[in-house]
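To start, the structure under review is shown below, and the notes come after it.
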Amino acid sequence: MLATETRTYRLGEFHKFEGGGRQFLYLVPAGAIFEVDEGVAAVIGALSAGEAQFDDLLATLSDRGYAFDDASELLREMLFSRAIVTGEPAPEPVESAPAKFPLQSLVMNLTNQCNLACTYCYEFGEDKVATPEGKPKFMDIETAKASVDFLLKESEGRKSIHITFFGGETLMNFPLLKEVVAYASDKAASQDRFIDFSLTTNATLLTPTIIQFLSDNSIGVTVSMDGPPELHDKLRVFANGRGSYDIIEPRVKALIQGHRTRPITARVTLTNGVTDVIRIYRHLKNELGFAEVGFAPVTTSPDRLYAINEKGMGGVLEQFKLLADEYLEHALRGELHGFSNVSETLGELYQGVNKSHPCGAALGLLGVGPSGDIAPCHRFVDSDTHSLGNISTGVDREKQKDFLDRGHIGAKYDCHSCFARPLCAGGCHHEAFVRYGDTGHANLHFCDWIREWTDTCLRIFGTISAQNPGFLEQFAHRKGLD
């Protein structure tokens with residue numbers, strides 16, 4: 001039996017959605033998905049007007065043919081999942097971040113220099129937070145080795161860890177990258193551990209030798225590229241204003257053809273005038289051959305000329321939905337599509353992600369600059385204001401705690417009534433700082449957009465789970481880095 005018959009029940013917090021002809025609940029406090037059958041629908045209907053006693057709910061289920069034990073079990077399951085709750089509504093407690101959380105990933109900014117002059121760059125553009133003056137422009141081998149040792153020490157207990165190489169333009173310090181891969185691989189192997197590598201590049205410096213090295217060492221590669229020439233070249237330019245597409249395109253094709261051990265992905269920054277998502281996707285995926293293409297709106301103050309206004313973001317969302325429908329058609333046939341914005345969200349839904357923070361910044365992930373300064377993530381590298389210490393002295397735990405406490409979803413009161421908070425947790429720390437001057441501020445300008453996109457992905461998840469559930473098994477161990 002569930003509980004005493006005197007207990008009063010009410011509906012918990014959930015978001016209803018439909019997929020594949022079936023009804024589902026997205027249980028917000030649990031970050032879980034619950035299919036609505038006849039009994040669940042009956043209980044929800046009985047509580048839709050207010051509270052009800054246990055015996056009343058039993059009677060509702062009995063009228064639909066449920067035996068007492070089966071009805072009790074259903075109510076117990078709904079209570080456990082918090083689809084229904086007892087007692088008075090209470091705010092969720094604000095829990096402090098753990099005093100020490102083992103690292104999973106380290107982003108190593110091998111240089112703060114870049115051979116491009118992209119107008120919207122968050123590191124060098126008008127909204128930059130970096131203060132690199134007086135600091136080394138290129139990381140040296142001593143700092144690099146110390147960073148690897150730091151990761152191995154701070155990730156104690158993890159069998160597998162990850163290094164992402166970043167910049168500036170990562171490949172401007174390729175000789176160091178090669179040394180780090182060798183050193184880190186040997187050190188990890190000596191501890192019977194595995195270390196995985198990836199990098200982000202603008203692709204301008206790729207050569208056959210570099211491509212072969214990346215393939216031989218199974219290094220994941222993400223290329224920053226914004227579509228066909230007339231779109232890519234609007235803002236991704238050299239210092240003299242010349243577009244970079246013609247330099248990148250043949251190198252990207254060589255990379256995709258020559259890198260045989262990992263799929264190559266593209267990362268698109270959407271800006272004012274560069275919002276033709278469908279066209280960009282078709283070019284990068286179908287014409288150039290990227291395995292996956294992901295999109296992100298530019299991180300910027302709203303008054304920049306390249307910022308996307310509300311109408312523009314609405315157009316982006318409609319195109320996202322069209323690509324999402326394509327993704328669903330592929331998934332129902334058991335085929336991969338390549339729109340990573342859907343894949344990433346489906347993976348989080350499958351794993352029941354319920355975020356305390358928007359991402360792993362300062363938690364399972366840290367960034368390290370050429371000077372050895374430690375930052376919450378790569379977007380804050382070389383920023384004195386956001387420094388969390390140095391490789392030589394370790395993490396300043398008080399600064400780390402302050403960053404995490406302010407970024408915790410429990411501290412973002414505007415988010416507490418939003419059904420999308422388990423996946424969003426208020427949005428990017430860096431975006432919050434650029435927009436509001438506070439890394440812990442919720443990204444309120446994206447709220448409606450995020451809710452509608454989350455609902456779209458829930459619908460896709462529900463349809464796949466109803467019609468081709470085996471497709472979702474690929475997400476059991478899939479992980480991604482922001």
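The values are calculated or read from the model by the stated rules, or taken from the named source; none is laboratory data. What you see is a predicted model; the values in this text were computed from it and never measured. Please note: Cβ atoms are built from the backbone with ideal geometry, for glycine as well, and neighbour counts cover all protein chains shown.
A few comments on the model shown:
- Scanning segment 205-256 for residues that are buried (at least 19 other Cβ atoms within 10 Å of the Cβ), among the polar types (S, T, N, Q) and out of contact with any Cys (no Cβ under 9 Å at 6 or more places or on another chain) returns a single hit, THR222.
- Close pairs (9 angstrom Cβ cut-off, 6 or more residues apart or separate chains): farther than 15 Å from ALA291 by Cα in segment 231-258, aromatic (Phe, Trp, Tyr) and surrounded by fewer than 18 Cβ atoms within 10 Å (Cβ to Cβ) anywhere: SER244/PHE238; ILE247/PHE238
- Condition met for VAL353 (surrounded by fewer than 17 Cβ atoms within 10 Å (Cβ to Cβ), assigned by TED's automatic domain parsing to the domain that holds ALA266 and among the hydrophobic types (A, V, I, L, M, F, W, C)): yes
- Selected residue (only one of ALA420, ALA476, ALA466, ALA425 is within 30 Å of GLU329 (Cα to Cα), surrounded by fewer than 18 Cβ atoms within 10 Å (Cβ to Cβ), under 17 Å from the mean Cα position of the chain (by Cα) and outside the structural domain of HIS337 (by TED's automatic domain parsing)): ALA476
- Qualifying residues in segment 71-87 (those that are in contact with a helix residue (DSSP H, G or I) (Cβ under 8 Å, 6 or more places away or on another chain) and over 20 Å from GLU13 (Cα atoms)) - the one surrounded by the most Cβ atoms within 10 Å (Cβ to Cβ): ALA71
- Test: residue in segment 456-475 that is modelled with pLDDT under 95, within 24 Å of PHE101 (Cβ to Cβ) and not basic (Lys, Arg): yes
- Selection count, segment 225-255, where residues are among the aliphatic types (A, V, I, L, M) and either closer than 27 Å to MET313 by Cα or within 24 Å of the chain's Cα centre (by Cα) (or both): 4
- Residue list for segment 257-270, filter: surrounded by 18 or more Cβ atoms within 10 Å (Cβ to Cβ) and either in a helix (DSSP H, G or I) or among the small types (Gly, Ala, Ser) (or both): ALA266
- Hits in segment 355-372 - residues which are in contact with a strand residue (DSSP E or B) (Cβ under 8 Å, 6 or more places away or on another chain) and of a type outside the set (A, V, I, L, M, F, W, C): GLY360, GLY364, GLY367, GLY369, PRO370, SER371, GLY372
- Residues that are among the hydroxyl-bearing types (Ser, Thr, Tyr), farther than 20 Å from GLU452 by Cα, touching a residue at least 40 places away in the same chain (Cβ under 8 Å) and not in a strand (DSSP E or B) do occur in segment 304-320, at least one of them.
- Subset of segment 165-210 [assigned to a strand (DSSP E or B) and without any contact (Cβ under 8 Å) to a residue 60 or more places away in the chain]: PHE165, PHE194, ILE195, ASP196, PHE197, LEU199, THR201
- Restricting attention to segment 371-399 and to residues that are part of a helix (DSSP H, G or I) and without any contact (Cβ under 8 Å) to a residue 60 or more places away in the chain, the residue that is surrounded by the fewest Cβ atoms within 10 Å (Cβ to Cβ) turns out to be GLU398.
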